[in-house]
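Peer 1: To start, I am sharing the structure in question, which I have written as structure tokens.
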Amino acid sequence: MVQDLLVIGTGISGLTFAIKVAEQNPNYSITLISKSDINEGNTRYAQGGIAVVRNLKKDSTEKHIEDTLQAGDGACDPEVVKFVVEEANQRLNELIHWGMEFDKNKEKLHLGIEGGHSEKRIVHYKDQTGKQIQQALNAKVKTFPNITLLENHTLVDLITDHHAPVKKNRCYGAYVISQEQEEIVKISSKITVLSTGGAGSLYAYSTNPSIATGDGLGAAYRAKVQMERLPFVQFHPTALRDKVKGNVFLITEAVRGVGGKLCTAEQEEFMLSEDPRGALAPRDIVARGIQKQINKQKEKFVWLDGSSIPKKQWKSEFPNIYKTCLSIGIQLPEDPIPVVPAAHYFCGGIKVNHHSESQLKGLYAIGECSATGLHGANRLASNSLLEALVFAHRAALDCLKALQKPLPSDAFYKALPQWDGEGYSKKNTLDEVPVLRKKLQEIMTRSVGIFKSTQSLQQAEEKINDIYLEVHQFYNQNKLTNDLCELRNMVSIAYLIIKQAQELNENKGVFYNHDYA
Ligand code: SIN
């Protein structure tokens, strides 16, 4: 049966979108798919919060707009920045209405501050805002009988004119793996929404979960959908140096917002010599400052000194960081935390309009996989969850209108072919896939990281191209596995990042090539 809407990805943007459409029209059939379970994705790991102007005595939308433009280093779309900031309170209130709880100070929402913000405006739930949002949205989405949730389903490819007997220049749904049924199924849909997040897993050290492999970006690339600003990969300045249970652990910027200092082994606060805002400068500046420091010293990390933050505050505002640090022998506030930058967020992605529609009719992109123009060359902290809420709302309104217009007939969708090619195998029969994934991460980290050069990009291009050819051959000769699907996307996006980086001729925001310094 043809679906009205297919939403791929179950983080804040996908869930908000699905809820909004379902609230407006209980008759539309909405299929929501998640590669793992509904919880796993970048949203769950967001610590900081949502940037919203609440304290009108001190703050204003003008100030938030200015901070966003400044952080974006002259590359934001000012019109987008304006409407996102202006619509923030309405979207936040809806989220609260759906059951999300934020920390309060008496009756008012508690406001934190992070790098690049001139005022306190980050609403949050302790240091686990994303997890709390995810839980609230999960509960809400399950109340709609017209939303079908399919967990453990992997996007393989979008269905486009390439597959259609008659060309209508649209997206018609997607081929997805049903991991349980061990088959590749066709989901035809009048509208397809990618909310698949970024691709932090391209890098050896990333705050993203390992499933962040750019699946939506890869599928959009193969469908020849326009993408922009892919080389603008933001590194979070402060991830814990030691992995915890195999995962990179983020130390939210909010810790620096309440007095955490960045120091060398000699206890020197080095960020003030990089920028007058010190440790609270925008993220690109702080991440570069830390990496510079790391490159010139023997120890491959710097210290985050939180000794000025009382223990009580650590425990009440940052309980998860407090507990996690303790689990690896770091006693806060006395002990400093060893930190390093880690790949965190894709500022670029699928180019979309003000309603999140891509250049392919019927295909929308929301959240981190999209390039809306909000972030420019460097995203302002806590603007990403805000962007997801605002664009999910706009996309939902646009889709509701689009579904009223004439669309291809049910017979047309029915005639779209089933997946053509080898099927799916749960077993990973290719030993080379994890080896190539690791190799790709090493290349990207070494040559396409915070600091790049024309030569490093050239070397990376050649090596990534070799991996691309191998992956292409595996893809043509073997049954698909999840790992192979992910690697196929990772290698395409790595290649695109490098090619787009080679076309840039100046340093801006998070993009830094030594040869243009
Ligand atoms: C953080 O809490 O530092 C991360 C928030 C964000 O990425 O905006």
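Peer 1: Quick check, is Pro26 over 19 Å from Leu385 (Cα atoms), modelled with pLDDT of 95 or more, away from the ligand (no atom under 16 Å from the Cβ) and surrounded by fewer than 20 Cβ atoms within 10 Å (Cβ to Cβ)?
Peer 2: Answer is yes for this residue.
Peer 1: If you don't mind, another one. Residue by residue through region 57-79, note down the ones that are in a loop (DSSP other than H, G, I, E, B) and out of contact with any Lys or Arg (no Cβ under 9 Å at 6 or more places or on another chain).
Peer 2: Lys57, Ser60, Cys76, Asp77
Peer 1: Identify the residue in region 226-265 that is aliphatic (A, V, I, L, M), closer than 30 Å to Ser453 by Cβ and not in a strand (DSSP E or B) and, among all such residues, is farthest from the ligand (Cβ to nearest atom).
Peer 2: Top of the filtered list is Ala265.
Peer 1: Could you tell me how many of the residues in region 429-464 are of a type outside the set (A, V, I, L, M) and more than 30 Å from Lys292 (Cβ to Cβ)? Explain how you work it out, then say what you get.
Peer 2: Filtering region 429-464 for residues of a type outside the set (A, V, I, L, M) gives 429, 431-432, 434, 437-439, 441-442, 445-447, 449, 451-456, 458-459, 461-463.
From the residues that got through so far, the ones that are more than 30 Å from Lys292 (Cβ to Cβ) too are 429, 431-432, 434.
The number of residues fulfilling the criteria is 4.
Peer 1: Which numbered condition in (1) crowded, with 19+ Cβ neighbours inside 10 Å; (2) within 16 Å of the ligand (Cβ to nearest atom); (3) not hydrophobic (A, V, I, L, M, F, W, C) is the only one that Gln3 fails?
Peer 2: Looking at each condition in turn, Gln3 falls short on (2).
Peer 1: Here is a follow-up. Every residue in region 279-296 that is within 16 Å of the ligand (Cβ to nearest atom) and of a type outside the set (A, V, I, L, M, F, W, C), please.
Peer 2: Residues satisfying the conditions are Pro282, Arg283, Asp284, Gly289.
Peer 1: Pairs please, first residue from region 289-318 and within 25 Å of Lys126 (Cα to Cα) and without any contact (Cβ under 8 Å) to a residue 12 or more places away in the chain, second anywhere and aromatic (Phe, Trp, Tyr) and assigned to a helix (DSSP H, G or I), Cβ atoms under 8 Å, 6+ apart in sequence or on different chains.
Peer 2: Note: pairs meeting the criteria are Lys315/Tyr322.
Peer 1: Now, a different point. Mind checking which residues of region 64-117 are within 16 Å of the ligand (Cβ to nearest atom) and surrounded by fewer than 20 Cβ atoms within 10 Å (Cβ to Cβ)?
Peer 2: Result: Gln70, Asp103, His110.
Peer 1: Hey, another quick one. When residues of region 117-128 are filtered for being within 19 Å of the chain's Cα centre (by Cα), assigned to a loop (DSSP other than H, G, I, E, B) and within 12 Å of Ala51 (Cα to Cα), how many remain?
Peer 2: 1
Peer 1: So which of Thr31, Thr16, Thr43 ends up being touching a residue at least 40 places away in the same chain (Cβ under 8 Å) and farther than 21 Å from Leu374 by Cα?
Peer 2: Values: Thr16 fails: farther than 21 Å from Leu374 by Cα; Thr43 fails: farther than 21 Å from Leu374 by Cα.
Step by step, each of Thr31, Thr16, Thr43 is checked, and only Thr31 is touching a residue at least 40 places away in the same chain (Cβ under 8 Å) and farther than 21 Å from Leu374 by Cα.
Peer 1: Could you say which residue among Ala395, Ala402, Ala460, Ala371 is touching a residue at least 60 places away in the same chain (Cβ under 8 Å), more than 16 Å from the ligand (Cβ to nearest atom) and closer than 28 Å to Tyr475 by Cβ?
Peer 2: One residue alone meets the criteria, Ala371.
The values are calculated or read from the model by the stated rules, or taken from the named source; none is laboratory data. All figures in this text were calculated on a predicted structure; none of them were measured in a lab. Here the Cβ is made from the backbone with ideal geometry for all residues, glycine too, and neighbour counts use every protein chain on show.
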